[in-house]
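One structure is given below, encoded as structure tokens.
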Amino acid sequence: MTAETEFTAKKSSGKVEVAFTFDATSLEGKTTVIFEELQQDGQKLAVHADLEDTDQQISFPEIGTKAKDSDTEENIASADEEVKLTDTIFFKGLVPNLEYVATGRLMDVATEEPLLDGEEPITAQTIFTPKESEGTVDVVFTFDGSSLKGKNTVIYESITQEEKEVGMHADPEFKDQQMFFPEIGTKALCPETGSRMALPKEELTIVDTVSCHLVPGKEYKLTGTLMEKESRGPLLVDGKPVTAETAFQPEKAEGTVDVIFNFDVTTLKGHDVVVFEKLYVTTKDGDKEKEVELTSHEDIQAESQTVKLTEVPTEPEKPADTPDAPKTGDTTNLWIPVVILVAALVGIVVVIIRIRRKKF
């Protein structure tokens, strides 16, 4: 890559510009230096060719990023009212001892539109002065993430120097830049009836099928608790809450997981039970593992999570002093109404005869 400028000096000292125009897409992460020669009539008069002269150097910075949540230390987070994310920028090719500004924006992977905290875009900024051309700098985001359930987000980063952009990393498909906020939905059924109706008995099974959209390859756990709809408290059997859990490691982002409850509900006829679920992810805390709650589905009014424990219908008891009513086809006591009918007819005939005698 070369350039030249022809000029005629009007004074013995002065300056002249040499402009280079070229495709620099292959130079990301490189630091270049410009060598200059001054010629007259093809004869070399002066040379300035010093690889270490920073005034001659031009850097083409390269940056990469890796995002993590403060709780999980992973690129998966709970959609809480207060979320803290740290995006670590790896840079190469910056000029030491110059002041730079790193600016991050949280974007929606699906739409590539900025995500909002209220009405404002979710952004963060760090001012730094590198001592070396290569290194790292953290950009920390703190925001309300309660509206981000089910969202797959990505952090776009740019680095500016004197308000001019010198580096950018904005790739919605780059996994290390993504931050996922899981969401779950559940559907509870009694496998015996194939519905959300169940007969109370000593050994009842309820299967809660949880649909998830997660980051594959990580270790998760679903913990379910049965709640009593009327009291809005945990369902107690022998004084203990009814719970169940399932650990799993999904191979795909989307899928379902069953959480199975087995318990005695003979004393709970006519009650409605609601399944509450919590999702945890297993992460590293130094050399130890820890479980961090990611999301939950806890809606006491949710029909899809409700199982009705119906009462078994029973025949009403007959009073002890009530004679048995005649059954269909039973002619045992049929003579009683016949006798009454005949007696009534005879009485009517007798009355008519007496009336006629009086007339005559």
On a 1.4 Å probe surface of the protein chains, which of 65, 8, 282 comes out largest in accessible area, and what is the full order?
8, 282, 65
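Report the semi-axes of the equivalent ellipsoid for the stretch 178-217 in whole Å, largest first, where each axis is √(5λ) for an eigenvalue λ of the Cα gyration tensor.
Details: eigenvalues 200, 16, 10 Å².
So the equivalent ellipsoid measures 32, 9, 7 Å along its semi-axes.
Given the Cα atoms of the stretch 86-149, and with Rh set as the inverse mean 1/r over their pairs in the Kirkwood sense, what is Rg to Rh to two decimals? Walk me through the intermediate numbers first.
Details: Rg = 14.3 Å, Rh = 13.3 Å.
Radius of gyration over Kirkwood radius for the stretch 86-149 works out to 1.07.
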Contact order normalised by length for the chain, with contacts defined as Cα pairs under 8 Å and 6 or more residues apart; what percent is it?
12 percent
Measuring from the lowest to the highest alpha carbon on each principal axis, how far does the stretch 2-100 reach, largest first, in angstroms?
72, 25, 22
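So for each of 101-113, 17-29 I average, over its residues, the number of other beta carbons within 10 Å; can you give me the resulting order with the highest mean first? Display every interim value, and only then the final one.
Details: 101-113: 16.3, 17-29: 10.2.
So the order, starting with the most tightly packed, is 101-113, 17-29.
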Cα-Cα separations in the chain greater than 38 Å, expressed as whole percent:
53 percent
What number in nm² do you get for the stretch 44-141 if you take the convex hull of its Cα atoms and divide its surface by four?
9.4 nm²
Given a 1.4 angstrom probe, I'd like the percentage of the accessible area of the chain that is carbon and sulfur, rounded to a whole number.
50 percent
Determine the distance separating the Cα centre of the stretch 161-215 from the Cα centre of the stretch 22-94; give it in Å without decimals.
38 Å
Debye log10 I(q)/I(0) for the stretch 103-213, one point scatterer per Cα, at q = 0.11, 0.14, 0.20 Å⁻¹
-0.54, -0.70, -1.08
Expressed in square angstrom to the nearest 10, the accessible area of residue 34 with a 1.4 Å probe stands at 50 Å²
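Skip the ligands, DNA and RNA, and give the accessible area per residue of the chain with a 1.4 Å probe, whole Å². Kindly include the intermediate steps, with their values, before the conclusion.
Working: 23940 Å² over 360 residues.
Per residue, the chain has 67 Å² of solvent-accessible surface.
What Kirkwood hydrodynamic radius, in Å, does the stretch 1-50 give when the mean of 1/r is taken over all pairs of distinct Cα atoms and then inverted?
Working: mean 1/r = 0.0750 Å⁻¹.
Evaluated on the stretch 1-50, it is 13.3 Å.
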Calculate I(q)/I(0) for the stretch 227-276 by the Debye formula, one identical point scatterer on each C-alpha and no solvent, and give its log10 at q = 0.27, 0.31, 0.32 Å⁻¹ to two decimals.
-1.12, -1.37, -1.42
Of all beta bridges DSSP finds with both residues in the chain, what is the antiparallel percent, to the nearest 5?
95 percent
Evaluate 2.2 N^0.38 Å with N set to the residue count of the stretch 193-322, then give the Cα radius of gyration divided by it.
1.35
Most positive-pole-ward Cα, 93, 154, 14, against dipole of the chain from beta carbon charges
154
Residue-averaged 222 nm ellipticity for the chain, from DSSP H runs of 4+ at -39500 (n - 2.57), nearest 500
-2500 deg cm²/dmol
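The values are calculated or read from the model by the stated rules, or taken from the named source; none is laboratory data. Since this is a predicted model, take the numbers as computed values, not measurements. All Cβ positions, glycine included, derive from the backbone under ideal geometry; neighbour counts span all protein chains shown. In case anyone asks, the SASA skips ligands and DNA or RNA and just uses the protein heavy atoms, side chains included. Shrake-Rupley method; radii C 1.70, N 1.55, O 1.52, S 1.80 Å.
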